[in-house]
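As structure tokens, the structure follows; a few thoughts come after it.
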Amino acid sequence: MEQTQTVRATVVVLTVSIVLVALNLRPSMAAIGPILSAIRQDVPLTFSMASLLTMLPVMAMGLAMFVGIGVAKAIGEHRAIVLSLVIITLATGTRLFVDTGATLVFTAVLAGIGIAIVQAVMPAFIKARYAPNVSLYMGLYVTSIMGGAALAASFSPLVLEITGSWRLGLSIWAGLSALALVVWMTQKTSADSVVIGNSSQREKHFSNSRSWLLAIFFGLGTSSYTCVLAWLAPYYVEKGWTEQHAGLILGLLTTMEVISGLATPAIANKSHDRRKVLVVLLFLIIIGFAGLVVSPNKLSLLWPCLLGLGIGGLFPMSLIVSMDHIDSPMRAGGLAAFVQGIGYLIAGLSPLLAGIVRDQMSSFEWAWWSLAIISAVMLLMVFQFNPRHYSRHYI
């Protein structure tokens with residue numbers, strides 16, 4: 001009995017550690033949008049240049065994803081996540097002293113590298129540790145990622161308002177990553193037993209059409225996430241909202257993402273066929289983007305809620321569908337790394353393209369319409385995800 005309680009306590013503490021780690025994977029990006037106008041008053045940035053603060057870390061996440069598993073193999077999963085948290089803490093804390101756009105962009109890229117290492121390791125870790133309930137724990141992990149974004153989007157403008165310092169609004173999140181680092185370092189015994197798949201398994205994905213389909217699907221879906229993260233708050237500031245209220249709108253959206261990220265995998269866990277759930281999520285996204293354009297100030301709380309519910313559910317479900325294709329945690333982890341690596345490279349272009357559209361057309365509305373059309377295209381892709389045919393793609 002005592003041994004059972006000890007095991008349960010270990011699982012609980014490890015789960016809490018995973019949540020704390022995941023909370024640190026978005027504040028470095030989510031804190032920027034709501035206080036961008038204050039940053040631009042101090043550091044001259046066009047919207048195209050400002051988009052680099054989201055684009056480059058996402059691109060870095062994509063590129064670093066391919067080496068993240070290699071880092072984990074070389075030094076172990078536990079040390080790899082320790083390393084990533086150290087990088088994120090340094091990158092975020094350094095923002096207290098930045099005085100140029102180039103330095104700010106450098107901290108964003110550095111944080112992206114740290115984030116990528118975690119995201120390369122964690123899916124395989126979760127599939128190995130929580131095999132009977134992968135959907136639920138992946139949902140918890142991804143929801144915690146979005147929860148970190150919600151915290152940063154909501155509280156960074158508040159820090160700016162109280163202190164008058166956008167640098168403090170960006171750098172304060174180093175405290176959260178330092179806390180996660182301390183807690184994770186206590187989990188060495190529990191966290192060091194997962195074996196990561198070898199490189200030859202990962203390389204096969206480059207010649208596998210199903211791997212590319214999954215990666216493109218993840219990338220297009222994440223494009224909505226990264227673009228909203230970068231530009232929703234500035235869009236509402238342009239509509240006459242204060243930075244604090246625009247940040248709260250983004251915070252509301254990310255809160256809906258958290259709710260959907262928890263609820264959607266639990267609902268989807270009842271069936272191995274995830275297609276109906278994916279279709280519903282994509283329709284929510286399409287309606288949300290259309291609403292932002294047609295009626296941004298009327299029903300202004302509805303559109304972020306719909307977008308949050310759609311994007312928040314689509315993010316974990318894209319990874320869950322990918323991992324459904326392979327039973328082995330090692331090989332599924334390799335596929336997840338490939339899907340995220342290619343996917344983040346695709347998604348990283350979204351904020352840049354939207355920033356260019358804003359500079360050229362003086363409006364983000366064309367960007368929202370484009371993302372709605374992309375989501376409609378994704379509806380066609382969903383019908384390829386019949387679980388009865390998964391085994392034919394990965395022997």
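What follows is calculated from the coordinates using simple rules that are stated; it is not laboratory data. Computed from a predicted model, the values in this text were never measured in an experiment. Virtual Cβ from ideal backbone geometry, glycine too; neighbours counted across all protein chains shown.
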Listed residues Gly76, Gly219, Gly312; largest mean-square fluctuation, Gaussian network over the chain with Cα springs below 10 Å, found at Gly76
Toy charge model, Lys and Arg Cβ at +1, Asp and Glu Cβ at -1: the chain dipole around Cα centroid in debye, rounded to 20, equals 880 debye
Placing +1 on each Lys and Arg Cβ and -1 on each Asp and Glu Cβ in segment 2-392, then taking the dipole about the Cα centre, the residue among Pro265, Ala347, Trp369 whose Cα reaches farthest towards the positive end is Pro265
Mean-square fluctuation maximum in Gaussian network of the chain, Cα pairs under 10 Å, restricted to Thr89, Thr103, Thr255, hits Thr103
Here segment 77-92 yields Karplus 3J(HN,Hα) values (6.51, -1.76, 1.60; θ = phi - 60°; whole Hz; Gly and Pro given as x) of 4, 4, 5, 4, 6, 4, 4, 5, 5, 4, 4, 4, 4, 5, 4, 6
Rounded to the nearest 500, the 222 nm mean residue ellipticity computed for the chain from DSSP H runs (n ≥ 4, each -39500 (n - 2.57)) alone is -27000 deg cm²/dmol
Which of (i) 70, 47, 42; (ii) 56, 44, 41; (iii) 68, 55, 39 gives Cα extents along the principal axes in Å as computed here? It is (ii)
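Among the lysines in segment 2-392, how many pairs, 8 or more places apart or on different chains, have alpha carbons under 23 Å apart? Write down the numbers at each step before the final one.
Values: Lys73/Lys127; Lys73/Lys188; Lys73/Lys204; Lys127/Lys188; Lys127/Lys204; Lys127/Lys270; Lys239/Lys298.
Number of lysine pairs found: 7.
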Out of Ser224, Ser271, Ser211, a Gaussian network model of the chain with alpha-carbon springs under 10 Å gives the largest mean-square fluctuation to Ser271
In segment 2-392, taking the dipole from +1 charges on Lys and Arg beta carbons and -1 charges on Asp and Glu beta carbons about the Cα centre, the listed residue (Val237, Cys227, Gly70) farthest towards the positive end is Gly70
